[in-house]
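Readers should treat all values here as calculations from the given coordinates under stated rules, not as data from a laboratory. Being a predicted model, the structure only gives us computed values, none of them experimental. All Cβ positions, glycine included, derive from the backbone under ideal geometry; neighbour counts span all protein chains shown.
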Amino acid sequence: MKSKLFISALFFAVVSSISCNSSTAKNKIETKKPVTVETTKIQVALLLDTSSSMDGLIDQAKSRLWNIVNTLTTLKYDGKTPDIEIALYEYGNDGLTEKSNYIRQITPLSTDLDLISEKLFALSTNGGNEYCGAVIQDATKQLKWARENRNMKLIYIAGNEDFNQGRINYKEAISDALKNDIYVNTIFCGNKTEGINTHWKDGADYGKGKYFNIDANESVRYIATPYDNQITKCNEKINTTYIGYGSKGASKKRNQEMQDKNARGVSVANYAERAVSKSKAVYKNESWDLVDKVKDDAAAISKIKKEELPAELQNKSTEELKTIVAQKSKERETIQKEIGELGKKRQQFIDNEIKKSKQQDDLGNAINTSIVSFAKVKGYSVEK
């Protein structure tokens, strides 16, 4: 009898254990979180020589930033627009320390395009000692590069002195970059043959990138179009759709306007290029603009504190704020669509004009040409 009771108890315990484990396993399956897929990224690090002979290079970088951004926005991966992140380094400036190898990270990889513009326009030249291997090594190790193979990761280094200066061997630095699927492109500011003789082409070849040479002292030539003034007016309208919030809101909105002025100070055409960039999905400011923030987080308005809003909105109810933000969002989408259509017509006009004359070899054209070439190799499509 005891034996039967023991067997019955043992059977009940085993069944209970199996049932419990099955239930636990089921719960684990049911509560398992879905794997999130990261957005595809195009990451570009610009390493600019800011020694005393490079004023022309910096001017070209200022003149071509928005043109480069607009080229990047034409790239799609699986039909989607990747996030664009740009980093800035300066090297060869005697105003920097010898301990740093005369190198400074100006910005990390960032989607904040106004910040990139701000820092670029603040650059000045001085000195110097140009260590290409060292700045490539810093960019490779310091920046937060994406891991997946579908991401496009590019370094562009521009300068005019021997590529092999400094204690860091450029081949070793480039080898480390390639291990992380980062391709190194070189832009020599001077004669093509001189760039080859001073190892700039060797750097690009070793980095599986492109070698270019440009005349850094030549001013960028712009093609004026019948659409520039219309795009300018649209840009003035779109600025009224931004609602600054939080500690950064007011200063970031002022900086947005300042970068408009910087672009306009270069040329009307450059200002139009910036306006076109602002009409694209990659120009996003959720860290300070409430309209972009709500697109990113639909519940943002109910979370925000009154004191984080502009003074004229602090007495508004949550429902009133939702109405205002929705209105501004609709206005912006309408203006962005108009700029987008004008931008396409503008680019078609420019493309037709370029066919009539030789295209200028400047920093922007060098970068744009190689970006499109790399994109096709990486499986991206180009949509204009």
(message) Distance between the C-alpha centers of segment 160-200 and segment 239-274? Whole Å please.
(response) 35
(message) Please check: in the Gaussian network model of the chain (C-alpha springs, under 10 Å), which one of K278, K153, K337 has the largest mean-square fluctuation.
(response) K337
(request) Would you compute, from DSSP H runs of 4+ residues alone, the mean residue ellipticity of the chain at 222 nm, taking -39500 (n - 2.57) per run and dividing by the full residue count, rounded to the nearest 500? (result) -16500 deg cm²/dmol
(request) Could you tell me how many degrees, from 0 to 90 and to the nearest 10, lie between the Cα long axis of helix 318-356 and the main elongation axis, the longest principal axis, of the Cα atoms of the chain? (result) 40
(message) For R332, R150, R254, R274, which order do you get if you count the other beta carbons within 10 Å of each Cβ and list the fewest first?
(response) R254, R150, R332, R274
(request) Determine the principal axes of the Cα atoms in segment 173-268, then give the extent along each, sorted from largest to smallest and rounded to whole angstroms. (result) 51, 36, 19
(request) Only Lys, Arg, Asp and Glu count, each charged at its Cβ (+1, +1, -1, -1), so figure out the dipole size of the chain about its Cα centre, rounded to 20 debye. (result) 1920
(message) Rounded to the nearest 20 debye, what is the charge dipole size of segment 228-356 about its Cα centre when +1 sits on each Lys and Arg Cβ and -1 on each Asp and Glu Cβ?
(response) 220
(message) Between D297, D362, D162, where does the largest GNM mean-square fluctuation fall for the chain, given springs only between Cα atoms within less than 10 Å?
(response) D297
(message) Pick from S63, S373, S51 the residue whose mean-square fluctuation is largest in a GNM of the chain, springs joining Cα atoms under 10 Å.
(response) S373
(message) Between helix 132-142 and the chain, what is the angle of the helix's C-alpha long axis to the longest principal axis, kept within 0 to 90° and rounded to the nearest 10?
(response) 20
(message) Can you tell me how segment 228-356 classifies by the Cα gyration tensor, rounded, prolate or oblate, using a/c under 1.5 as the rounded cut?
(response) prolate
(request) Rank the residues I103, I238, I324, I136 as a footprinting-exposure proxy: fewest other Cβ atoms within 10 Å of their Cβ go first. (result) I324, I238, I103, I136
(request) Can you check what the net charge comes to around L321, using other residues whose Cβ is under 13 Å from the Cβ of L321 (Lys, Arg +1; Asp, Glu -1)? (result) +3
(message) Taking just the alpha carbons, could you work out the radius of gyration and Dmax for the chain, both in angstroms?
(response) 26.6, 105
